[in-house]
Amino acid sequence: MSEPGGAQILVVDDDVDVAETYASQLDGEYAVETAYSGPAALEALSPSVDVVLLDRRMPKLSGCEVLDAICERGLAARVAMVTGEEADFDIIEIPCDDYVQKPVTEKALRGTVARLVRCLTYDERVREYYALTAKRAALVESKSLEELAESEQFSELEADIEAAEAALSELVAGFDPTDFDRAFRDIGRSRPRAETG
């Protein structure tokens, strides 16, 4: 995903009407695909999926089992569990990025997806920034100040780093405290496996 508007969303719900409603509310702003069962979700999952809106209770394969598969495959997709089930303490162990209770308004659905896309974009921007600064550090270590000053490529690298810093600052300015929690979900802990349910 290079731009937030280019995010690919997978809507998974065994209620076809619900899945289609969510898809129509997001269509036009995002590329949206629907799956009407856990097995269909597993077929639709790919590295190109950015956000999964996942029903928790489905026959054959539950949302938690689909979430387990996402974690096992190492996919970077952000996952919102969208469910008619009230939140209970068991959700603490579910490695989802958001837990949304049905019924969901269009505004709430769009807000959830936008927050998860921002967090995913932040991950990508940090990765890009780290790669650029690592290259700069390697060059500073191995080249003289004169060589660095004369290098057009190094000047371009410095400009790219400044642009990356500005993009990160702009993105962070739009974050709220829950965005930070989601953006840094993997720091300091491994994602626990979901309970089947």
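The values are calculated or read from the model by the stated rules, or taken from the named source; none is laboratory data. Small disclaimer: the values here were computed from a predicted structure and weren't measured. Cβ atoms come from the backbone with ideal geometry, glycine included; neighbour counts cover every protein chain shown. Protein only, heavy atoms only, side chains kept; ligands, DNA and RNA dropped before computing areas. Shrake-Rupley method; radii C 1.70, N 1.55, O 1.52, S 1.80 Å.
Points worth noting:
- Surface accessible to a 1.4 Å probe, per residue, for the residues of the chain, Å²: 54 Å²
- In order along the range 63-72, the Karplus-derived 3J(HN,Hα) couplings, from 6.51 cos²θ - 1.76 cosθ + 1.60 at θ = phi - 60°, round to x, 5, 5, 5, 4, 4, 5, 4, 5, 5 Hz, and Gly and Pro are given as x.
- Distance histogram in 5 Å bins (all Cα pairs of the range 71-173, percent per bin): 2, 10, 15, 13, 13, 11, 9, 7, 6, 5, 4, 2, 1
- Phi angles of the range 148-155 translate, via the Karplus equation with coefficients 6.51, -1.76, 1.60 and θ = phi - 60°, into HN-Hα couplings of 5, 5, 8, 7, 5, 5, 5, 4 Hz per residue; Gly and Pro are given as x.
- Those lysines that a straight Cα-Cα span of less than 21 Å connects to residue 135, excepting residues fewer than 8 apart in one chain: 143
- Sum of -39500 (n - 2.57) over DSSP H runs of 4+, divided by residues of the chain (222 nm, nearest 500): -16500 deg cm²/dmol
- Accessible surface of the chain, 1.4 Å probe, proportion on carbon and sulfur as whole %: 52 percent
- Other-chain or far-sequence residues with amide H under 5 Å of residue 85's (modelled H): 102
- Computed from Cα positions, the angle between helix 16-26 and the longest principal axis of the chain comes to roughly 30 degrees.
- 12 Å beta-carbon shell around residue 132, net charge (K/R +1, D/E -1): -2
- FRET efficiency, residue 130 to residue 17 (Cβ-Cβ, R0 41 Å, nearest 0.05): 0.40
- Under-5 Å amide H pairs with residue 32, H placed in peptide plane, nonlocal only: 9
- DSSP loop trypsin sites (Lys or Arg not before Pro) with at most 11 other Cβ within 10 Å excluded, longest remaining stretch of the chain: 61-188
- For the chain, a crude dipole built from +1 on the beta carbon of Lys and Arg and -1 on the beta carbon of Asp and Glu, taken about the Cα centre, is about 420 debye to the nearest 20.
- Top positive-direction residue, dipole computed over the chain with Cβ charges, set 71, 174, 6: 71
- Cβ-derived FRET efficiency at R0 41 Å, residue 86 paired with residue 27, nearest 0.05: 0.90
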